[in-house]
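Each remark here refers to the structure printed beneath this line.
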Amino acid sequence: MKRARIVGTGMAVPEKVLTNADLEKIVDTTDEWIVSRTGIRERRIASEHEALSDFALPAAQRALEMAGIPGDEVDLVICATVSPDTPFPATSTQIQAAIGAAGAAAFDISAACTGFIYGLGIANQYLRAGGAKTALVVGGEILSKFTDWTDRNTCVLFGDGAGAVVLRADGESESGILGVSLHSDGHLGHLLQRPAGGSRRPPSLRDLEADQSFIKMRGNETFKVAVRSLAEVSDEVLKAAGLAHEEVDWFIPHQANLRIIEAVGRRLEIREGHTYVNIERYGNTSAASVPIALDELNRAGRIEEGDIVLCAAFGSGLVWGAGLFRW
Ligand code: ACO
């Protein structure tokens, strides 16, 4: 069976930097609290007129440019996001039109911070089964627009941006996706949600005034499930591929909290210096965090041919997943 191979990566983030010192002026917090509890020092925030596609599109174009593949060869466009330009049409169709992927299948998927891994899993199945030849998977988020900037529990955590990969079906190569594992537990949906704005509670002034249209998170409970789930799903995908933990050359975890990353790294016994961390510069960019990290590592030339790369993420749903590939 054919293997899906990543042949290009890209990312784009807003220009505007919001530092912890800036946040100290908005809510009752300190740089010391944010750095010691999360590892975040600054994040990028979209301006008032910017939307998801303003970053998802350049990220996609950069990935296509690296792959040397024209947009019209893409026959599958997946955009993972919970903050699309509009509830509908899907942002993936904006990307499809802008890159000139005429007639390609295009859809958005909603799996919060795990969205990119879910997108990778879907694209992998399409490419292996012959349903598509060239897939573009984008993970992007503008959560700053759905953040309550008076709630110190959440507003210090999130940042905006997008990352993308181009995947091709390859019949000969040893490299490519070795496995993707995806899971969910809807019983825990209340831990992290935007209560209003959907069909249960359509947009209303009352909900806006009561802040129900913004992100609500029970951080501490989410933290505990995150550590356990990320470790378990990473272990699962490695076992399924017959690989040992020490064979991982790069571990790219979702960048939600440095303490979660370190705890998972310890549980998985990832070798020292083999976990990629950039949370200090971007905060939690949700679906964008793994593809942004992957693109940074790739463009810095730090992933070598044959390297085993493990990605894992966790988010609202609750949903979690891991992807494993040989570079
Ligand atoms: N500045 C100062 N104090 C704060 C701040 C802040 N920004 N935020 C909270 N505090 C206070 C709290 O009010 C609390 O004070 P109290 O003890 O007087 O009540 C105290 O700090 C401790 O609060 P906790 O919530 O217990 O802090 P914790 O150490 O758990 O850190 C955090 C909070 C950073 C949110 C952490 O729990 C976390 O990262 N959780 C997981 C997040 C995650 O993985 N989310 C999933 C992905 S996101 C997605 O899917 C969109």
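The C-beta contact set for the stretch 139-157 (first residue open to solvent by 10 Å² or more (accessible area, probe 1.4 Å), second residue acidic (Asp, Glu) and within 8 Å of the ligand (Cβ to nearest atom), distance under 8 angstrom, 6+ apart or interchain) comprises ARG152/ASP28.
Answer yes or no as to whether ALA97 is under 27 Å from LEU188 (Cα atoms), among the aliphatic types (A, V, I, L, M) and more than 16 Å from the ligand (Cβ to nearest atom).
Working: under 27 Å from LEU188 (Cα atoms): no; among the aliphatic types (A, V, I, L, M): yes; more than 16 Å from the ligand (Cβ to nearest atom): yes.
No: the conditions fail for ALA97.
All conditions in (1) under 25 Å from ALA196 (Cα atoms); (2) in a loop (DSSP other than H, G, I, E, B) hold for ALA162, with the sole exception of (2). Take ILE261 and tell me if it is open to solvent by less than 40 Å² (accessible area, probe 1.4 Å) and either within 16 Å of the ligand (Cβ to nearest atom) or more than 20 Å from GLY10 (Cα to Cα) (or both). So ILE261 fits the description; yes.
Residue by residue, here is whether (1) within 12 Å of VAL166 (Cα to Cα); (2) away from the ligand (no atom under 16 Å from the Cβ); (3) not polar (S, T, N, Q) holds:
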site	(1), (2), (3)
SER110	no, no, no
GLY115	no, no, yes
GLY121	no, yes, yes
LEU127	yes, yes, yes
LYS133	yes, yes, yes
VAL138	yes, yes, yes
ILE142	no, no, yes
LYS145	no, no, yes
THR154	no, no, no
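Only one of the numbered conditions (1) away from the ligand (no atom under 16 Å from the Cβ); (2) modelled with pLDDT under 90 is violated by PRO195, and that is (1).
Can you find a residue that is of a type in the set (S, T, N, Q) and in contact with a strand residue (DSSP E or B) (Cβ under 8 Å, 6 or more places away or on another chain) anywhere in the stretch 198-211? There is no residue in the stretch 198-211 that is of a type in the set (S, T, N, Q) and in contact with a strand residue (DSSP E or B) (Cβ under 8 Å, 6 or more places away or on another chain).
With respect to the conditions (1) away from the ligand (no atom under 11 Å from the Cβ); (2) in a helix (DSSP H, G or I); (3) open to solvent by 80 Å² or more (accessible area, probe 1.4 Å), PRO203 lacks only one, and its number is (2).
Does at least one position in the stretch 61-70 carry a residue that is within 16 Å of the ligand (Cβ to nearest atom), under 22 Å from GLY130 (Cα atoms) and in contact (Cβ under 8 Å) with a residue 24 or more places away in the chain? No - not one qualifying residue is present in the stretch 61-70. Answer with yes or no whether LEU182 is within 16 Å of the ligand (Cβ to nearest atom), touching a Ser or Thr at 6+ places or on another chain (Cβ under 9 Å), part of a strand (DSSP E or B) and at pLDDT 95 or above. Answer is yes for this residue.
Of the residues making up the stretch 159-186, those that are open to solvent by 10 Å² or more (accessible area, probe 1.4 Å) and touching an Asp or Glu at 6+ places or on another chain (Cβ under 8 Å) are SER175, SER181. Of all residues in the stretch 206-219, those satisfying the criterion of being open to solvent by 80 Å² or more (accessible area, probe 1.4 Å), modelled with pLDDT under 90 and either within 16 Å of the ligand (Cβ to nearest atom) or not hydrophobic (A, V, I, L, M, F, W, C) (or both) are ARG206, GLU209. Checked against (1) in contact (Cβ under 8 Å) with a residue 40 or more places away in the chain; (2) more than 23 Å from ALA59 (Cβ to Cβ); (3) of a type in the set (A, V, I, L, M, F, W, C), ALA196 passes all but a single condition, namely (1).
Residues of the stretch 317-327 being open to solvent by 10 Å² or more (accessible area, probe 1.4 Å) and either touching a His at 6+ places or on another chain (Cβ under 9 Å) or modelled with pLDDT under 95 (or both), which ones? Lay out the reasoning, then the answer.
To start, the set of residues in the stretch 317-327 that are open to solvent by 10 Å² or more (accessible area, probe 1.4 Å) comprises 317, 319-320, 326-327.
GLY317, VAL319, TRP320, listed by residue number.
The residue of the stretch 242-258 that is most open to solvent (accessible area, probe 1.4 Å), among those that are within 11 Å of the ligand (Cβ to nearest atom) and touching a helix residue (DSSP H, G or I) at 6+ places or on another chain (Cβ under 6 Å), is LEU258. The set of residues in the stretch 114-155 that are part of a helix (DSSP H, G or I), hydroxyl-bearing (Ser, Thr, Tyr) and farther than 17 Å from CYS311 by Cβ comprises TYR126, SER144, THR154.
The values are calculated or read from the model by the stated rules, or taken from the named source; none is laboratory data. Bear in mind that the values here come from a model prediction, so they are computed numbers and not experimental data. Cβ sites come from the backbone with ideal geometry, for glycine too, and all protein chains shown count toward neighbours. Heavy atoms of the whole protein, side chains included, go into the accessibility calculation; ligands, DNA and RNA do not. Shrake-Rupley method; radii C 1.70, N 1.55, O 1.52, S 1.80 Å.
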